1. Give the residues of the range 68-85 that are touching a residue at least 60 places away in the same chain (Cβ under 8 Å) and either surrounded by fewer than 23 Cβ atoms within 10 Å (Cβ to Cβ) or among the small types (Gly, Ala, Ser) (or both), sorted by residue number.
2. So which residues in the range 62-80 are assigned to a loop (DSSP other than H, G, I, E, B), closer than 21 Å to Thr155 by Cβ and of a type in the set (Gly, Ala, Ser), if there are any at all?
3. Taking the range 121-144, which residues are assigned to a helix (DSSP H, G or I) and either in contact (Cβ under 8 Å) with a residue 24 or more places away in the chain or within 18 Å of Phe12 (Cα to Cα) (or both)?
4. Being more than 26 Å from Ser125 (Cβ to Cβ) and in contact (Cβ under 8 Å) with a residue 40 or more places away in the chain, is that true of even one residue in the range 145-152?
5. Could you tell me how many of the residues in the range 98-120 are assigned to a loop (DSSP other than H, G, I, E, B) and either out of contact with any helix residue (DSSP H, G or I) (no Cβ under 8 Å at 6 or more places or on another chain) or surrounded by fewer than 17 Cβ atoms within 10 Å (Cβ to Cβ) (or both)?
6. Pull up the range 29-61, narrow it to residues that are outside any loop (DSSP other than H, G, I, E, B), of a type outside the set (Ser, Thr, Tyr) and without any contact (Cβ under 8 Å) to a residue 24 or more places away in the chain, then point me to the one that is surrounded by the fewest Cβ atoms within 10 Å (Cβ to Cβ).
7. Conditions first: (1) within 20 Å of Glu158 (Cβ to Cβ); (2) surrounded by 19 or more Cβ atoms within 10 Å (Cβ to Cβ); (3) not basic (Lys, Arg). Leu88 passes all but one, so which condition is the exception?
8. Quick one: is Ala85 at pLDDT 95 or above, under 15 Å from the mean Cα position of the chain (by Cα) and outside any helix (DSSP H, G or I)?
Amino acid sequence: MKKVLILIETGFEEVEALAPVDLLRRAGAEVVLATSVSNRQVKGRNEITIICDVTYESVEAQTFNMVIIPGGAGGVEVLGKNSFALNLIKEYFAQKKWVGAICAAPLVLKKAGVLHQQSITSYPSAKPELEKLTNYLEERVVTDGHLVTSRGPGTAVEFGLTLVEKLYGRERANEIQRQIIA
């Protein structure tokens, strides 16, 4: 079974986190939501509170096939200062494991120091910080090597389906796309 880790912090963008969770679980992945918040209750940008599965202290990073970073300015700011998150991202890039980042989340990749002229996209407000380090594209979803990036809440389903494709293949992604009538 494929395992996916999603990093969740206060101020995360709910649809960008939960649409991929839903689609990856439909595909058969074990998806684990992790946070630095000790009681695991994390409030999103739109005041929706979720309970994460684990805190970072209990995560065995090497057991996952993919890490996903949702956007949301508050969550991105916290992750950009979190040594666990930054080291995990560096490790996944070094091992060529899948990394997904949507909306402003590519800014966390910048803080981790892993952006080196990859083709990426992001929420428009993050573009000025990213375009000097990357081949910045204004497409809905961009894949370059083992990195998948996307624009924002309106592209969350397409982002999630692309992540399914990367782990399970195009046929499985198409099957789920038909199931959800996307």
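The values are calculated or read from the model by the stated rules, or taken from the named source; none is laboratory data. All values reported here derive from a predicted model rather than from experimental measurement. Counting neighbours? That spans all protein chains shown, and the Cβs are built from the backbone with ideal geometry, glycine included.
1. Of everything in the range 68-85, those that are touching a residue at least 60 places away in the same chain (Cβ under 8 Å) and either surrounded by fewer than 23 Cβ atoms within 10 Å (Cβ to Cβ) or among the small types (Gly, Ala, Ser) (or both) turn out to be Gly71, Gly72, Ala73, Gly74, Gly75, Glu77, Val78, Asn82, Ala85.
2. Gly71, Gly72
3. Listed by number, the residues that qualify are Pro124, Ser125, Ala126, Leu130.
4. Initial filter on the range 145-152 (more than 26 Å from Ser125 (Cβ to Cβ)): none.
Taking every residue of the range 145-152 in turn, none turns out to be more than 26 Å from Ser125 (Cβ to Cβ) and in contact (Cβ under 8 Å) with a residue 40 or more places away in the chain.
5. The number of residues fulfilling the criteria is 4.
6. First pass over the range 29-61, keeping only residues outside any loop (DSSP other than H, G, I, E, B): 30-35, 41-43, 49-51, 54-58, 61.
Applying the additional criterion that residues be of a type outside the set (Ser, Thr, Tyr) yields 30-34, 41-43, 50-51, 54, 57, 61.
With the extra rule that they be without any contact (Cβ under 8 Å) to a residue 24 or more places away in the chain, the set shrinks to 41, 51, 54, 57.
Working: Gln41: 12, Ile51: 12, Val54: 14, Glu57: 9.
Ranking the candidates gives Glu57 first.
7. All conditions pass for Leu88, except number (1).
8. On the way: at pLDDT 95 or above: yes; under 15 Å from the mean Cα position of the chain (by Cα): yes; outside any helix (DSSP H, G or I): no.
Considered against the rule, which asks whether it is at pLDDT 95 or above, under 15 Å from the mean Cα position of the chain (by Cα) and outside any helix (DSSP H, G or I), Ala85 comes out as no.
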